[in-house]
Amino acid sequence: MRITEHPILDFQRGEEITFSFDGQELKGFEGETIAAALHAAGVRVLGHSQTMHRPRGLFCAIGNCSSCLMVVDGEPNVRICVEKLKSGMRVETQQGKGCLR
Amino acid sequence: MLNKTGVPTAEDVITVSPSEERLKQGPVAIIECFQEIPCNPCTEACKQGAIQPMEDINNLPKLDFDKCNGCGVCLSRCPGLAIFVVDASYSDTEAIVRIPFEYAPVPQTGEKVVGLNRSGEELGTFEVKKVQSGGQKNKTYTVWLVVPKAQAMDVRGIRLGGIRHAK
Amino acid sequence: MSKVKEIELLIIGGGPAGLSAATAAADLGASVLVLERDAKTGGQLVKQTHKFFGSKKQYAGDRGYQIGNFLIEQCEKNPKVEVWTETTVLGIYEDGVVTAEGQGKHLKIKPEKIIVATGASEKMIAFPNNDMPGIFGAGAVQTLMNVHGVVPGQRVLMIGAGNIGLIVSYQLMQAGVEVAAIIEASPTIGGYLVHASKIRRAGVPILTSHTITEAYGQESVEGAIICKLDEKWQPIPGTEQDLKVDVICLAVGLSPLTELCFQADCQMKYVPELSGHVPIRNKYLETTRPGLYVAGDVSGVEEASSAMVEGRLAGVCAAYSLGYGNDVAPKLQAEALAELSELRAGPAGQKTVQGIMKLMDKGGAAC
């Protein structure tokens, strides 16, 4: 959910764009992180752990912890908390350690 | 105890309260700052010279109630939002309590709000007499509440109304 | 073979310490390159909506993000300061070369002097299901809310009543999110009491001597069980409470991000008062590796106001050692040292003062 009224901050958002998440079309703003766009759309489960299949989501949101790795435009292990959203991006949950082509 | 609960005790509040007489004379600042931390903007905000400049910025502020005219500039500048202004001369039965406010939505003049004490307990419904903006840079609002005189030293907060979000 | 870029002063980290160092050094005439791994400089300052403390010299009364913007502007205006964002420093080597990754390229830099101002990162606590979506570090909540304008959830349990726990709770309330409670394992509130007071008078409980025993939920957090602790910090049976929350925010302390200092062979020491392993340094913030300085939380977790002053001090010292500012540097150094003493003079600064004394293994005054 996005904040529309804030007592201190004025959010300057970029242009509204679309991207896909596991085949589903979602909207976001150009220049925000993929993580922000997914959270705004209500998506908090970003993947599952390899062996025990435990749900995984954001933790640090600043590129330190590796909790948010997803496949973006075919590239695996992308830290979506620091990766910026672009129009038409294809975001997918990663299975396992990712496939490097 | 303040450092366990975050709530100043009655004893704490007495240390910063003016006399009954002074309260009756007109608006006066109540600086509810009880911990020595490095901070001194209140001393620079006061144009009346009522808050003594600090030799050591960790000192607690010292307010001269007689020099204070209750203008409220210190209230809107305090980084800890710890200053209030009380005007017990407002009417025979009521006083004005001015509180700093930094939430959205901001209450409107004439609106009725639920007033809270320092522990967050509800004290009643009170009318908003006036709302002053702190300006573009400061952004801290001052909300004036009309309260029964007996509660002037207790009402210190407002039950938050919640914020409208886009879905 | 890619070229090595030779420069005078390299500053690693573009937060309050790094930016203050850049301006201070450049004002004396040094050429400065700041490398910042994030898309923007300003560090954690740009997420702070509250008014800062300290005195006028540390911009007291201004909001954190306003101070951040001011520091960023100062660097942008200064022709001797170059800033590369989205550039991550990878290593500091024996031969003096610093490598970095930026724009997909591998970079090599040879600075004459280095200031490491990499800040700190969040600690974690152990409890069942602490890996679920909906459990965030406090910084993550700030990033989502104050940078991206997205709420982390509807109802939050905040763990930790230090300044970060109190401030982030307040920011959640400002963003319209309900804070169910702030819990703190120790018997007292660690943060500034004025922060605690403003939260209490908005109706949010602060429960000291409480801890979380578990989080639960199917695919993400749906609730948490908390309980009271006795004087020996042991859970008291029967005091469990079930809080229905969809966000658990951990504000349980920071650890200095000192990997580069370790790699650069700085002598390190574990000082609990400074929140972890920190490099041994003299009062001018120079470490045991000559020409390598530290400033800000990496030198010991403290506050933004002291980070800015340490940055200024390190910037002046580095520039002075390069031969700049011979007439004014000693005065600027003395001023910065005096400001640090002033900030740390009260009870709130005692922990840092003791930590620095331990670090420098000296009796008497430390700064």
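The values are calculated or read from the model by the stated rules, or taken from the named source; none is laboratory data. Keep in mind that this is a model prediction, so the values were computed, not measured. Using ideal geometry, Cβ is built from the backbone for each residue, glycine included, and neighbour counts are taken over all protein chains shown.
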For region B:78-97, which residues satisfy the criterion of being within 14 Å of chain C (Cβ to nearest Cβ) and either surrounded by fewer than 21 Cβ atoms within 10 Å (Cβ to Cβ) or in contact with a strand residue (DSSP E or B) (Cβ under 6 Å, 6 or more places away or on another chain) (or both)?
B:Pro79, B:Leu81, B:Ile83, B:Phe84, B:Val97
Residue hits (region C:38-60; without any contact (Cβ under 8 Å) to a residue 24 or more places away in the chain and crowded, with 24+ Cβ neighbours inside 10 Å) are C:Lys51
Would you check if there is a residue in region C:93-112 being of a type outside the set (Lys, Arg) and either assigned by TED's automatic domain parsing to the domain that holds C:Val168 or in contact with a helix residue (DSSP H, G or I) (Cβ under 6 Å, 6 or more places away or on another chain) (or both)?
no
Return the residues of region C:272-297 that are more than 14 Å from the chain's Cα centre (by Cα) and of a type in the set (Ser, Thr, Tyr); say none if nothing qualifies.
C:Tyr284, C:Thr287, C:Thr288, C:Tyr293
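A quick yes/no check of all residues on (1) modelled with pLDDT of 95 or more; (2) away from chain A (no Cβ under 14 Å); (3) touching a strand residue (DSSP E or B) at 6+ places or on another chain (Cβ under 9 Å):
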position: C:Ala161; (1), (2), (3): yes, yes, yes
position: C:Gly165; (1), (2), (3): yes, yes, yes
position: C:Met173; (1), (2), (3): no, no, yes
position: C:Gly176; (1), (2), (3): no, no, no
position: C:Val204; (1), (2), (3): no, yes, yes
Residue tally, condition buried (at least 21 other Cβ atoms within 10 Å of the Cβ), out of contact with any Phe, Trp or Tyr (no Cβ under 9 Å at 6 or more places or on another chain) and within 14 Å of chain B (Cβ to nearest Cβ), over region C:61-93:
0
Any chance you could count how many residues in region B:6-29 are loosely packed, with under 13 Cβ neighbours inside 10 Å and closer than 18 Å to B:Ile51 by Cα?
3
Tell me, which residue of region C:27-37 that is crowded, with 24+ Cβ neighbours inside 10 Å and outside any strand (DSSP E or B) is farthest from the other protein chains (Cβ to nearest Cβ)?
C:Ala30
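Show me the helices (runs of 4 or more DSSP H) found entirely inside region B:8-65 where at least 1 residues are within 14 Å of another protein chain (Cβ to nearest Cβ).
Once the helices (runs of 4 or more DSSP H) in region B:8-65 are filtered for at least 1 residues that are within 14 Å of another protein chain (Cβ to nearest Cβ), what remains is B:10-14, B:41-45.
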Go through region A:42-81 and give me each residue that's farther than 21 Å from C:Ala138 by Cα and either in contact with a Gly (Cβ under 8 Å, 6 or more places away or on another chain) or among the aromatic types (Phe, Trp, Tyr) (or both).
A:Gln50, A:Met70, A:Val71, A:Pro76, A:Asn77
Given the criterion closer than 30 Å to B:Gln136 by Cα, at pLDDT below 90 and either in a strand (DSSP E or B) or small (Gly, Ala, Ser) (or both), identify the matching residue among A:Gly31, A:Gly63.
A:Gly31
Count of residues meeting criterion [part of a loop (DSSP other than H, G, I, E, B) and over 23 Å from C:Gln350 (Cβ atoms)] in region C:272-320
4
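Kindly check whether there is at least one residue in region C:213-232 that is aromatic (Phe, Trp, Tyr) and either within 11 Å of chain B (Cβ to nearest Cβ) or touching a helix residue (DSSP H, G or I) at 6+ places or on another chain (Cβ under 6 Å) (or both). Walk me through it before giving the result.
The initial filter retains those residues of region C:213-232 that are aromatic (Phe, Trp, Tyr), namely C:216.
Then keep just the ones that are either within 11 Å of chain B (Cβ to nearest Cβ) or touching a helix residue (DSSP H, G or I) at 6+ places or on another chain (Cβ under 6 Å) (or both); that gives none.
Within region C:213-232, not a single residue is aromatic (Phe, Trp, Tyr) and either within 11 Å of chain B (Cβ to nearest Cβ) or touching a helix residue (DSSP H, G or I) at 6+ places or on another chain (Cβ under 6 Å) (or both).
Can we say C:Met124 is within 25 Å of C:Glu219 (Cα to Cα), of a type in the set (A, V, I, L, M) and modelled with pLDDT of 95 or more? Working first, answer last.
On the way: within 25 Å of C:Glu219 (Cα to Cα): yes; of a type in the set (A, V, I, L, M): yes; modelled with pLDDT of 95 or more: no.
Judged against the criteria, C:Met124 is not a match.
Name every residue in region C:242-271 that is of a type in the set (Ser, Thr, Tyr) and assigned to a strand (DSSP E or B), in order of residue number. Steps first, answer last, please.
Kept after step one, since they are of a type in the set (Ser, Thr, Tyr), are these residues of region C:242-271: C:255, C:258, C:270.
Hits for region C:242-271 are C:Ser255, C:Tyr270.
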Go through (1) crowded, with 16+ Cβ neighbours inside 10 Å; (2) within 14 Å of another protein chain (Cβ to nearest Cβ); (3) closer than 15 Å to C:Leu33 by Cα; (4) free of Cβ contacts under 8 Å to residues at least 60 places away in the same chain and name the single condition C:Asp131 misses.
(3)
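Quick one: is C:Ile212 surrounded by fewer than 24 Cβ atoms within 10 Å (Cβ to Cβ), among the aliphatic types (A, V, I, L, M) and in a strand (DSSP E or B)?
Numbers: surrounded by fewer than 24 Cβ atoms within 10 Å (Cβ to Cβ): yes; among the aliphatic types (A, V, I, L, M): yes; in a strand (DSSP E or B): yes.
For C:Ile212, the condition - surrounded by fewer than 24 Cβ atoms within 10 Å (Cβ to Cβ), among the aliphatic types (A, V, I, L, M) and in a strand (DSSP E or B) - is met.
Condition check ((1) within 12 Å of chain C (Cβ to nearest Cβ); (2) within 30 Å of B:Pro107 (Cα to Cα); (3) buried (at least 17 other Cβ atoms within 10 Å of the Cβ)) across all residues:
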{"position": "A:Ile3", "(1), (2), (3)": "yes, yes, yes"}
{"position": "A:Ile17", "(1), (2), (3)": "no, no, yes"}
{"position": "A:Ala37", "(1), (2), (3)": "yes, no, yes"}
{"position": "A:Gly47", "(1), (2), (3)": "yes, no, yes"}
{"position": "A:Gln50", "(1), (2), (3)": "no, no, no"}
{"position": "A:Cys65", "(1), (2), (3)": "yes, no, yes"}
{"position": "A:Leu69", "(1), (2), (3)": "no, no, yes"}
{"position": "A:Glu75", "(1), (2), (3)": "yes, no, no"}
C:Glu6: free of Cβ contacts under 8 Å to residues at least 12 places away in the same chain, surrounded by fewer than 23 Cβ atoms within 10 Å (Cβ to Cβ) and not in a loop (DSSP other than H, G, I, E, B), yes or no?
no
Might you check whether a residue that is surrounded by 22 or more Cβ atoms within 10 Å (Cβ to Cβ), more than 14 Å from chain B (Cβ to nearest Cβ) and among the polar types (S, T, N, Q) occurs anywhere in region C:337-360?
no
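Name the residue, out of C:Leu207, C:Leu157, C:Leu144, that is surrounded by 22 or more Cβ atoms within 10 Å (Cβ to Cβ) and more than 28 Å from A:Gln12 (Cβ to Cβ). Can you show your working first?
Numbers: C:Leu207 fails: surrounded by 22 or more Cβ atoms within 10 Å (Cβ to Cβ); C:Leu144 fails: more than 28 Å from A:Gln12 (Cβ to Cβ).
Just a single option satisfies the conditions, and that option is C:Leu157.
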